[in-house]
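Report on one structure; see the data block that follows.
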Amino acid sequence: MFSLIIPYRNRQDFLPRTLRSLQSSSMLPRRIYLVNNNSTDGSEQICQRFASDHPNWPIVLLSEPTPGAAAARNAALRLVETEWVYFFDSDDELSSCFFEEALRKLRQKPATDVVACATRMHFPDGSEKVRNVMYNASAADQILASQLSTQGMFFRTEFLRRIGGWNEQVLVWNDWELGLRVLLNRPRITWLTSRAYHHLHQHPDSLTSNGMAQRLPLVMPALEAARTLLNDHPKLLPALAARCAILRGRLKLEKSNAEADQLAAWMRQSFQDRMTVPLSLLFNILYHYARLGGRGAWRIARFCLKTSC
């Protein structure tokens with residue numbers, strides 16, 4: 001009934017943990033696609049050995065040379081024959097009950113395009129955090145809080161293909177961009193609300209754990225893709241501008257002045273016709289709040305923009 005896709009690149013230190021968590025799942029997928037994306041370490045050998053050790057499992061080993069997890073996911077997505085498809089990352093741990101509970105929810109609500117859930121993030125200092133979710137289908141909330149993430153979306157295969165799959169031009173924040181595109185296409189979405197699922201590990205090799213200045217060149221294609229998507233949804237542009245103002249403040253907090261100026265210039269070009277006096281004031285407040293180390297700036301933006309988004 002469903003397929004699982006796991007892309008990997010140089011994850012030999014983490015893949016065994018991910019694959020062990022799959023072994024603990026209460027339900028197996030119809031197909032498991034493990035997609036090598038230009039690994040130069042022992043990751044491919046780990047996956048080959050796992051497939052050899054589980055000859056009765058429906059494992060398909062693939063290789064995709066185009067750089068980026070999005071390209072690797074799409075390579076497997078083109079082969080999927082099941083009604084449902086799920087994507088997981090090669091350095092995280094799957095909740096053993098997830099598939100069973102997602103499918104139980106689908107039996108209750110079969111007219112669904114996406115089953116969504118909250119996920120739990122773990123950080124190197126031992127702290128953890130549940131991803132911010134509002135359990136709704138608000139595109140503005142996706143822009144501001146990234147509530148739909150890779151492991152938080154269980155897709156009807158036909159729906160995902162219809163909206164174009166993963167954007168291969170977006171190497172970072174591709175789940176943020178996809179989540180926005182999902183919601184703009186008005187899916188029939190069903191939330192799992194009883195718990196946060198999975199253990200998502202942030203570590204020095206994780207794209208989401210490095211400083212914002214280092215990641216900005218990779219983040220910009222995601223922002224540009226979102227700006228293009230919103231051409232037909234102008235009421236959502238203030239939410240994107242607010243997200244950018246917060247990012248600019250984080251860059252200033254990191255003392256990455258050149259990158260902050262680069263983002264400010266892009267904002268002026270992208271949102272100039274939306275810069276009313278009240279909105280300009282809000283964006284300045286968000287920028288300075290983030291620049292001074294304030295937490296939860298997205299909540300301020302959400303409260304101020306809720307009537308316009």
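The values are calculated or read from the model by the stated rules, or taken from the named source; none is laboratory data. A quick note: this is a predicted structure, and the numbers were derived from the prediction, not measured. Positions of Cβ are backbone-derived with ideal geometry, glycine not excepted, and every protein chain shown enters the neighbour counts. Remember, those area values only see protein heavy atoms, side chains included, never the ligands or the DNA or RNA. Shrake-Rupley method; radii C 1.70, N 1.55, O 1.52, S 1.80 Å.
Relative contact order of the chain, taken over Cα pairs closer than 8 Å and 6 or more residues apart, is 17 percent. Computed from the C-beta positions of residue 265 and residue 288, the FRET efficiency with R₀ = 22 Å rounds to 0.75. Approximating the spin labels as points 7 Å out from Cα along Cα→Cβ, the residue 162-to-residue 274 distance works out to 2.7 nm. Every Cα-Cα pair in the range 1-120 was counted, and those over 25 Å apart are 20% of them.
Given a Förster distance of 35 angstrom, what is the FRET efficiency for residue 52 paired with residue 82, based on the Cβ-Cβ distance and rounded to 0.05? The value I calculate is 0.90. Maximal additional length on extending the residue 123-residue 303 stretch stands at 62.0 nm, based on 0.36 nm per residue less the C-alpha distance.
Just check the range 58-109 against the gyration tensor rule for me: Cα atoms, a ≥ b ≥ c as the square roots of the eigenvalues, rounded for a/c under 1.5, and otherwise prolate or oblate depending on whether a/b exceeds b/c. Prolate, because a/c is 1.5 or more and a/b exceeds b/c.
When all protein chains stay in place and ligands, DNA and RNA are ignored, the 1.4 Å accessible-area order of 276, 119, largest first, is 276, 119. A cut-off of 5 Å between modelled amide H atoms, ignoring neighbours fewer than 5 places along the same chain, links residue 119 with 131, 197. How high is the FRET efficiency between residue 1 and residue 228 when r is their beta carbon distance and R₀ equals 45 Å, given to the nearest 0.05? Efficiency at R0 = 45 Å is approximately 0.85. Around the amide H of residue 191, modelled in the peptide plane, lie the amide H atoms of 116, all under 5 Å away and 5 or more residues distant in sequence or on another chain. If the chain linking residue 26 and residue 254 were pulled fully straight, counting 0.36 nm for each residue of separation and taking away their Cα-Cα distance, it would gain 77.7 nm.
The structure-derived value of Cα Rg over 2.2 N^0.38 Å appears in the list (1) 1.07; (2) 0.97; (3) 1.01 under the label (3). Candidate cross-link partners of residue 306 among the aspartates and glutamates, defined by an alpha-carbon separation under 18 Å and a same-chain spacing of 8 or more, comprise 141.
Calculated mean residue ellipticity at 222 nm for the chain: -13500 deg cm²/dmol, from DSSP H runs with n ≥ 4 weighted as -39500 (n - 2.57), summed, divided by the residue count and rounded to 500.
Close amide-amide hydrogen proximity is noted between residue 12 and 42, 43, each under 5 Å apart and 5 or more residues distant or on a separate chain (H modeled in the peptide plane; Pro and chain starts excluded).
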